[in-house]
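The values are calculated or read from the model by the stated rules, or taken from the named source; none is laboratory data. Computed from a predicted model, the values in this text were never measured in an experiment. Here Cβ is always computed from backbone atoms with ideal geometry, including for glycine, and neighbour counts include all displayed protein chains. The accessibility values were calculated without ligands, DNA or RNA, using every heavy atom of the protein model including side chains. Shrake-Rupley method; radii C 1.70, N 1.55, O 1.52, S 1.80 Å.
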Amino acid sequence: MNDCPASANVQAPQAAVVIERSYRATVEELWALWATKDGFESWWGPEGFRVEVHALEARQGGALEYDMIADAPEAIAAMRNMGQPLSHATRGVYAEFRPHERLSLVHVIDFVPGQDPYETTIEVAFSQAGEQARMVVTLHPHLDPHWTRMSVMGFTSQLGKLDRRFGWSG
């Protein structure tokens, strides 16, 4: 017997999405992109967006607070067409922090219409192989598959900034 009401929106479990990149860089260079204000601001946010970091406490349990800001004409137009603000305050915490090896960020997702705030996690593992630094990013799913897809698209877009910087060719 099913105890769920007929009107309940039950989603099938979603898999985490793993994205890997190897760059002609050092692990220390990649680490700084995640663990310093200047590094984070240099690439975070999909194409057409930028961030302004207000707090970045590079340690386990440390806060990460930033504004995600639409700053390209096409991003501004898209946000306006969706009735969304051009800037959104974002907050999270470094749940795991092992310098130059591994980190995880837990973000509070509070912008989904009709949904109470919830958390989602990004895990990153770093390794060095000769002149190549490898970064393996695991994006954990959102509550709704639509927002999981949007998260993956946005993250892939922002990785384009690193791909150009470090010459990744796919």
Original post:
How many times 2.2 N^0.38 Å is the alpha carbon radius of gyration of the chain?
Top reply: 1.11
Original post:
Which residue, Ala58, Ala75, Ala95, tops the fluctuation ranking in a GNM of the chain built on C-alpha contacts under 10 Å?
Top reply: Ala75
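Just to confirm a number: summing +1 for Lys and Arg and -1 for Asp and Glu over residues other than Ala70 whose beta-carbon lies under 13 angstrom from that of Ala70, what do you get? The partial results should precede the final answer.
Numbers: positive: Arg50, Arg80; negative: Glu47, Glu52, Asp67, Asp71, Glu74.
Surrounding charge for Ala70 is -3.
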**OP:** Collect residues whose amide H, placed 1.01 Å from N in the peptide plane, falls under 5 Å from the amide H of Ala95; neighbours closer than 5 in sequence don't count.
**Re:** Gly61, Ser104, Leu105, Val106
Subject >> Length gained when the stretch Tyr118-Asp163 is fully extended (0.36 nm per residue, less Cα-Cα span) >> reply: 13.2 nm
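What relative contact order, as a whole-number percentage, does the chain give when Cα pairs under 8 Å and 6 or more residues apart are counted?
Relative contact order for the chain comes out at 26 percent.
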Original post:
Glu96: net charge of surrounding residues, Cβ under 10 Å, Lys/Arg +1, Asp/Glu -1, itself excluded?
Top reply: 0
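Please state the shape class of segment 28-76: rounded when a/c is under 1.5, otherwise prolate if a/b exceeds b/c and oblate if not, all from the C-alpha gyration tensor.
oblate
Could you report the chain's accessible area per residue, 1.4 Å probe, as an integer in Å²?
55
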Original post:
Each residue of segment 84-93 in turn: what ³J(HN,Hα) in whole Hz from Karplus with 6.51, -1.76, 1.60 and θ = phi - 60°, glycine and Pro shown as x?
Top reply: 9, x, 7, 9, 9, 6, 10, 9, x, 8
Original post:
So what's the angle, to the nearest 10 degrees on a 0 to 90 scale, between helix 145-166 and the longest Cα principal axis of the chain?
Top reply: 10
Original post:
When the chain is treated as a GNM, springs tying every alpha-carbon pair under 10 Å, which of Val112, Val53, Val137 comes out with the largest mean-square fluctuation?
Top reply: Val112
Original post:
When the accessible area of the chain is computed with all protein chains present and a 1.4 Å probe, what percentage of it is carbon and sulfur?
Top reply: 53
Subject >> Ala63-Arg24 FRET efficiency (beta carbon distance; Förster radius 30 Å; 0.05 resolution) >> reply: 0.40
**OP:** With springs only between Cα atoms under 10 Å apart, run a GNM on the chain and tell me which of Gly130, Gly61, Gly92 wobbles the most.
**Re:** Gly130
Original post:
Where the centre of each part is set by its Cα atoms, how far does segment 18-86 sit from segment 91-168, in angstrom?
Top reply: 10
**OP:** For every other residue with a beta carbon closer than 13 angstrom to the beta carbon of Trp147, add +1 if it is Lys or Arg and -1 if Asp or Glu, then tell me the sum.
**Re:** -2
Original post:
Using modelled amide H (1.01 Å from N, peptide plane; none on Pro or chain starts), what sits under 5 Å from the amide H of His142, excluding residues fewer than 5 places away?
Top reply: Thr148
**OP:** Please go through segment 19-128 and write out the trypsin sites (Lys or Arg not before Pro) that DSSP classes as loop and that have at most 13 other C-beta atoms within 10 Å.
**Re:** Arg59
**OP:** Work out, step by step, the length gained on full extension between Asp110 and Ala72: first 0.36 nm times the residue separation, then minus their alpha carbon distance; give nm to one decimal.
**Re:** 11.4 nm
